[in-house]
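The values are calculated or read from the model by the stated rules, or taken from the named source; none is laboratory data. This is a predicted model, so every value here is computed, not measured. Cβ coordinates were reconstructed from backbone atoms using ideal geometry, including for glycine residues, and neighbour counts include every protein chain displayed. In case anyone asks, the SASA skips ligands and DNA or RNA and just uses the protein heavy atoms, side chains included. Shrake-Rupley method; radii C 1.70, N 1.55, O 1.52, S 1.80 Å.
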Amino acid sequence: MPRVPIRLGLDYNSRMPRDSKIKISLRPATPADAEAAAALMYETMPTLGEYLFGQPDAAGTIRVLAGIFPAPGHLLSYQYSTLATFGMEAVGIAQVLPSNDMARAAIGLARALRRRFGWAAMLRLIYRGIRLANEPDTEPGEYYVNTLAVAPAWRNQGIGARLLEEAERRGRELGLSVLSLGVLLHNTNAKRFYERVGFREALKYETRPLAPGVKYTGFYRMVKPIDRTDRKSK
Ligand SMILES: CC(C)(COP(=O)(O)OP(=O)(O)OC[C@H]1O[C@@H](n2cnc3c(N)ncnc32)[C@H](O)[C@@H]1OP(=O)(O)O)[C@@H](O)C(=O)NCCC(=O)NCCS
């Protein structure tokens, strides 16, 4: 099973030298990608994941993410996931779904957690996550980027931009006209990245902290119109 090195420094803003010769491919994820995908997904939710899933550390949260990834029909499922790969190695992930499916996919997440980890895990997620579910990061009729992450050693080489281009292509196919996402207020590198690739800030949402030690005080809602002119994907 391919492994992505897990970096626990919580440094959102590191950069690696760019190498224009690397050959990255994109493909839909499968349930068998759970372990690598979970490590990548974790990059978007340090401390928040521990809180929502009741885990003591990153390793515990990644174990939970890997446990639910193979189930279909929920926010963090393989079903909504595209992987960027270098050979056999998964180096990036995007999880994107129509915003109109968000409520169903959120309920699906609770259900997947119950099936895999039991009632207590599900009830904890509902109790701790209900506030997040009602926040204004998306509007009806959009294609919502729920997760975007590139492994630390692979950043700054255009992989995140490629994954977003692919999301835009699929959004266009679905007839949707806006890509949207929420980026945490402290994640300055990612916000600048989204602006570079054509997103603009539609809302700054500040809220009281979820819990002590949890890096979550709100987000920027970012949107990008989907270019409706037909283009071949790269
Ligand atoms: C945000 C994230 C997904 C970006 O992925 P990435 O693969 O590093 O992104 P890219 O390489 O496409 O773009 C990074 C930078 O290189 C630039 N770039 C990309 N391709 C380029 C190219 N061909 N030529 C020149 N510059 C390029 C981008 O403009 C961007 O510059 P900036 O940092 O000054 O804005 C990645 O940093 C990450 O995983 N972060 C941690 C998880 C996270 O925070 N996710 C977002 C949650 S909302």
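Between segment 187-204 and segment 35-56, the alpha-carbon centres lie 22 Å apart. If you plug the beta carbon distance of Glu135 and Arg196 into 1/(1 + (r/R0)^6) with R0 = 25 Å, you get a FRET efficiency near 0.50. Charged side chains reduced to their Cβ positions (Lys and Arg at +1, Asp and Glu at -1) give the chain a dipole of some 180 debye around its Cα centre. Among 32-39, 121-128, 152-159, sorting by the average number of other beta carbon atoms lying within 10 angstrom of each residue, highest first, gives 32-39, 152-159, 121-128.
Around the amide H of Gly218, modelled in the peptide plane, lie the amide H atoms of Leu185, Thr207, all under 5 Å away and 5 or more residues distant in sequence or on another chain. Using the Cβ-Cβ distance between Leu203 and Arg63 with R0 = 35 Å, the FRET efficiency computed as 1/(1 + (r/R0)^6) comes to roughly 0.55. Solvent-accessible area per residue in the chain equals 50 Å², computed with a 1.4 angstrom probe and all protein chains kept.
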